[in-house]
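Everything on this sheet refers to the single structure shown next.
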Amino acid sequence: MSSKPDVAEVSEESLYRIFTIPEAPDSTLSKIEKHLSENLMGFLGDHIVAREKPLQEIERDFDRSQIPEEPQFVSDHTEFLLDKLVAHSVHTASPRFIGHMTSALPYFLLPLAKLMVGLNQNLVKIETSKAFTPLERNVIGMLHHLVYREEAAFYNRWMHSAQHSLGAFCSGGTIANMTALWVARNRLLQADGNFGGIAADGIAAGLQHYGYSRLTVVVSERGHYSLSKAADILGIGRRNLVSVPTDSNNRIRIDKLRETCESIAAEGGKVLALVGVAGTTETGHIDPLDEMADVAEDIGAHFHIDAAWGGATLLSEQHRSLLHGVERADSITIDAHKQMYVPMGAGLVLFKNPSLVKSIEHHAEYIIRQGSKDLGSHTMEGSRAGMAMMVFSAMHVIGRRGYELLINNSIDKARYFSKLISEQDDFEVITEPELCILTYRFVPARVKKALENATPEQLARLTPHLNALTRYIQKRQRETGRSFVSRTKLTPGQYHHEPTVVFRVVLANPLTTHDMLEEVLEEQREIASKATSLRGALHTEMRELGMLN
């Protein structure tokens, strides 16, 4: 007769046990924790991008719509997570995962994450965070100094002031950008006479009171999609997020920017904010920030810089000049979970003037009281984890000079890869790296040679075939799982702005080697050699165009 399997019980005693710290190192929970740590380290040390399994099969492991009625042993649930979740997660720590802005993390952050979760501080209010509140203000102050470089007396006065704030921690760049534009909107449509301000009376009343036909936010055509979300949520309207053309280096054209602003004013509209991009998502390029600051000053607009990606470059004295003019921004977004190598969920918005946040100040008697140092009075989000601790620790353990080395090496690596690509007869660089992002594509040698003298009409007919080939290579490389690059679509000037699908690489992982980059190209070349039908269609098109001898 088979023995009855153990079943987790529902009782006050069993529930109490999962809320207490294991008393002995050989306790069940201690063994589970060790087992998890070993498996996680094995996962992070694995250079394979992900164990391939169709998404539809993975979805079947997570298709139960009802909350489990009975409890489960932690050990059993742990095995489920390791087998069904960890094994099929994306290896963002892999040095061959070079397709997105998520990189490896320093190992010292893992035990610190346990500390943060165990303390479970809520940064909305000082009564639920105590020491975490001044720590977060300290981190914001250090990053504010990185950008604006004010004197020590400035930070002594404002960093811990209850009525002011140098910035706010956010879950990411999207909320940071929204917060910056929220401040700009409320400042512009502030209380005046019988008008109680936009926060009280709404945007329609604000436009009527000030005599504007519409509010606009102006950014280059490479602006991040979060700005469109912000325009929607803040009542500005997505159609009033106005895009300005970029030059051949994906930077906003100042002449077109001025023309756009003049046109908006002539129509009775008001430019609420100009947004400069410091590290575009697709190509990593940086707008001429100092010149944009001049335009913002001339038209009386808030100048915000979206430096979610490129802001960390300020940690490098060698490359800081790439962001010349950053200190003139009214506000700036920086994502610490990108090039500052901390876990996801650590975005920041910084304000040059500590008084700017008064335009969005909120209070509630039970939680964020007038005169308190509660951080929630100046943030869009309410309850928040203490992610500032992770940034604080990373900045202390790595140090500015350590970050400078990481930044410099990533830019050098991108330049090396660009040079390596340009030396190949069957690859070509599409956008040169300014930071550590670049784009390129595979082009068969005969086709690459023929493209040098191709007419716009010939390019228009060949590009769809090359796009299909790029998509095929990227998809097959991802499925194979040895390495990963992403893809995007650009309109490069050298190809008469024909929509072109390209490979996109982000070389922020310090563990990525030159040999690995060479292997990425070799793998793509090998995959391309097997795309016989796509290459056949491309050569047929060239033959019909009279481009093959």
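Data overview
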{"quantity": "Of every Cα-Cα pair in segment 373-452, the percent that sits beyond 23 Å", "calculated": "54 percent"}
{"quantity": "Among Ile252, Pro456, Ile407 the positive-end extreme of the charge dipole of the chain (Cβ point charges)", "calculated": "Pro456"}
{"quantity": "Within the chain, helix-based [θ] at 222 nm, where runs of 4 or more DSSP H residues each add -39,500 (n - 2.57), nearest 500", "calculated": "-13000 deg cm²/dmol"}
{"quantity": "Within the accessible area of the chain (1.4 Å probe), percent carbon and sulfur", "calculated": "52 percent"}
{"quantity": "Prolate/oblate/rounded label for segment 138-192 (Cα gyration tensor, a/c 1.5)", "calculated": "oblate"}
{"quantity": "Tensor-based shape of segment 123-253 (alpha-carbon gyration tensor, a/c under 1.5 rounded, otherwise prolate or oblate)", "calculated": "oblate"}
{"quantity": "Cut-off 12 Å between beta-carbons: net charge of the residues surrounding Thr455, Lys and Arg +1, Asp and Glu -1", "calculated": "-2"}
{"quantity": "Radius 15 Å from Cβ of Gly237, net charge of other residues (Lys, Arg +1; Asp, Glu -1)", "calculated": "+4"}
{"quantity": "Within the chain: Cβ-based charge dipole about Cα centre, in debye rounded to nearest 20 (Lys, Arg +1; Asp, Glu -1)", "calculated": "560 debye"}
{"quantity": "Ordering of 210-222, 475-487 by packing [mean C-beta count within 10 Å, highest first]", "calculated": "210-222, 475-487"}
{"quantity": "Those residues of segment 286-306 whose amide nitrogen sits under 16 Å from the label point placed on Glu262, 7 Å along Cα→Cβ", "calculated": "295-296, 298-300"}
{"quantity": "The chain: translational diffusion in µm²/s, Stokes-Einstein, Kirkwood Rh over Cα pairs, 37 °C, 0.692 mPa s", "calculated": "125 µm²/s"}
{"quantity": "Cα centre as origin, Lys/Arg/Asp/Glu Cβ charges: segment 369-495 dipole, Debye", "calculated": "400 debye"}
{"quantity": "Point-to-point label distance, Phe80-His100, nm (Cα→Cβ direction, 7 Å offset)", "calculated": "2.5 nm"}
{"quantity": "Paramagnetic label zone (point 7 Å from Cα along Cα-to-C-beta, Ser228; backbone N under 16 Å) in segment 265-294", "calculated": "281-282"}
{"quantity": "For segment 136-148, Karplus couplings with θ = phi - 60° (6.51, -1.76, 1.60), whole Hz, Gly/Pro x", "calculated": "5, 4, 5, 4, 4, x, 5, 6, 4, 5, 4, 7, 9"}
{"quantity": "The chain: relative contact order in percent, alpha carbon pairs under 8 Å with at least 6 residues between", "calculated": "17 percent"}
{"quantity": "Taking segment 155-232 and dividing mean pair separation by its residue count, relative contact order in percent (alpha carbons under 8 Å, at least six apart)", "calculated": "27 percent"}
{"quantity": "For segment 258-325, size of Cβ-based charge dipole, Lys and Arg +1, Asp and Glu -1, in debye", "calculated": "220 debye"}
{"quantity": "Burial order of peptide ranges 102-108, 281-287, 454-460 (average beta-carbon count within 10 Å, highest first)", "calculated": "281-287, 102-108, 454-460"}
{"quantity": "HN-Hα J in Hz across segment 172-177 - Karplus 6.51, -1.76, 1.60, θ = phi - 60°, x for Gly and Pro", "calculated": "x, x, 4, 5, 4, 5"}
{"quantity": "Two-decimal Rg/Rh across segment 212-344, once Rg and the Kirkwood Rh are taken from alpha-carbon atoms", "calculated": "0.97"}
{"quantity": "R0 of 30 Å, Cβ-Cβ distance Lys34-Phe62: FRET efficiency to nearest 0.05", "calculated": "0.70"}
{"quantity": "Charge sum, other residues only, whose C-beta stays under 12 Å from Arg504's C-beta, Lys/Arg counted +1 and Asp/Glu -1", "calculated": "+2"}
{"quantity": "Estimated FRET transfer efficiency (Lys53, Glu518; beta-carbon r; R0 35 Å; 0.05)", "calculated": "0.75"}
{"quantity": "Rounded accessible area per residue of the chain, 1.4 Å, Å²", "calculated": "48 Å²"}
{"quantity": "Asp247 versus Phe195: modelled label distance in nm, points set 7 Å from Cα along the beta carbon direction", "calculated": "3.7 nm"}
{"quantity": "Lys53, Lys449, ranked by accessible area, largest first (probe 1.4 Å)", "calculated": "Lys449, Lys53"}
{"quantity": "Signed unit charges on C-beta, dipole axis of the chain, positive-most listed residue Phe169, Leu234, Leu215", "calculated": "Leu215"}
{"quantity": "Pairs beyond 21 Å (Cα-Cα), from Lys84/Lys530; Lys338/Lys358; Lys34/Lys84; Lys31/Lys114; Lys448/Lys530; Lys229/Lys270", "calculated": "Lys84/Lys530; Lys338/Lys358"}
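The values are calculated or read from the model by the stated rules, or taken from the named source; none is laboratory data. Because the structure is predicted, anything quoted here is derived from the model rather than measured. As a convention, Cβ positions derive from the backbone with ideal geometry for all residues, glycine included, and neighbour counts pool all protein chains shown. Surface accessibility is based on the protein's heavy atoms, side chains included, excluding ligands, DNA and RNA. Shrake-Rupley method; radii C 1.70, N 1.55, O 1.52, S 1.80 Å.
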